[in-house]
Amino acid sequence: MSLPLQRFTLATCFIMLAGCATQSQERPAPVPELKPGRLIGYLPINERIDSKAILPPPPSTPAETATDEAVSRAALRLQGSERWKLATRDADVNFPEAAGVYSCALGAPITQQDTPYLYQLLRRVASDAGYAGDGAKELYKRNRPFVVNKQVPCTPEEMDRLGADRSYPSGHSSTGTAWSLVLAELAPDRAVPILKRAQAFAESRVICNMHWQSDTVQGRFVGVYTYARLQASPEFQADMRMARKEIAAARALGLPPNRDCAAEAGALSMAVPAAEPAAK
């Protein structure tokens, strides 16, 4: 057999084997939805973190809110920039779009096709962390920044759905933090870029004019509490073991992230301008 024919034969066999491996990849058992597009979490509703019990009241007096308002004014100066556009993209925590948030930081794809256990795991954690802040939201009914400053947020279509007085704490920040801790555990060598991306993900909510900075800080605490609580779930731990194998396999195959990492890095390099005191 000639050398070119040998190479062709070997390449054909490799493609066939790769195809068989993809087809035989183990998939997680489907889980029910809480509502369209939202899977049930790992924690029963009565075992979710009670944000009312762990969070202090939000800032309320003029002296207490001064920092939040100064940071918000500074962040609004990014409107229309690439960082604003990334913040707009970060606002979408629905899948499949949200699956790409940490793909560049992880250095691997997060898709239903390539990493099905990881993909479903993140969807379920989103429910555990995202809804954990509802108790404090309903108790404190803090107005969102766009109500106070009258500036349109980056996702105006969500103003009615998310509510004008459900600012504290930030559910996006809770979710993004829980995701980051999960991924940092699965890929500890990528922990620094993953956790930095979590910080930027929370910051996106301030840039979007959907949350005050203090909302995102306390939201991240809710995410940390949720992640700690998930450690006691055998089902969560079993899925983590499978997700860890998927990440290793994706890396071994050299599969690329499912985002434009150069564009994301450029947007993230744009910091929120320094906050200035209000004009007197």
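Every read-out reported here was derived from the displayed coordinates using simple, explicitly stated rules and does not represent laboratory data. Fair warning: this is a prediction, and the values are worked out from it, not measured in the lab. Cβ atoms come from the backbone with ideal geometry, glycine included; neighbour counts cover every protein chain shown.
Taking the C-alpha atoms only, the angle from helix 213-230 to the longest principal axis of the chain is near 50 degrees. Relative to the longest principal axis of the Cα atoms of the chain, helix 234-252 runs at roughly 60 degrees. Taking Lys and Arg as +1 and Asp and Glu as -1, the other residues whose beta-carbon sits under 13 Å from that of VAL148 total 0.
Against the chain, whose longest principal axis is taken from its Cα atoms, helix 3-24 shows a tilt of about 50°.
Can you list the lysines whose alpha carbon is less than 29 Å from that of LYS141, not counting same-chain residues fewer than 8 positions off? Partners within reach: LYS35, LYS52, LYS85, LYS150, LYS280.
The Cβ shell under 12 Å around SER173 holds other residues with a net charge of -1, Lys and Arg each +1, Asp and Glu each -1. Inverting the pair-averaged 1/r between distinct Cα atoms of the chain gives 20.1 Å as its Kirkwood hydrodynamic radius.
Report the residue, chosen from ALA267, ALA248, ALA63, that carries the largest GNM mean-square fluctuation when the chain is represented by alpha-carbon nodes joined by springs under 10 Å. With Cα springs under 10 Å in the chain, the top fluctuation among ALA267, ALA248, ALA63 is at ALA63. Annotation for LEU34 and VAL217: the two label points, set 7 Å from Cα along the Cα-Cβ direction, are 2.6 nm apart. Work out the FRET efficiency for ALA262 and THR88 from their Cβ-Cβ distance, taking R0 = 25 Å, and round it to the nearest 0.05. My answer for the efficiency is 0.85.
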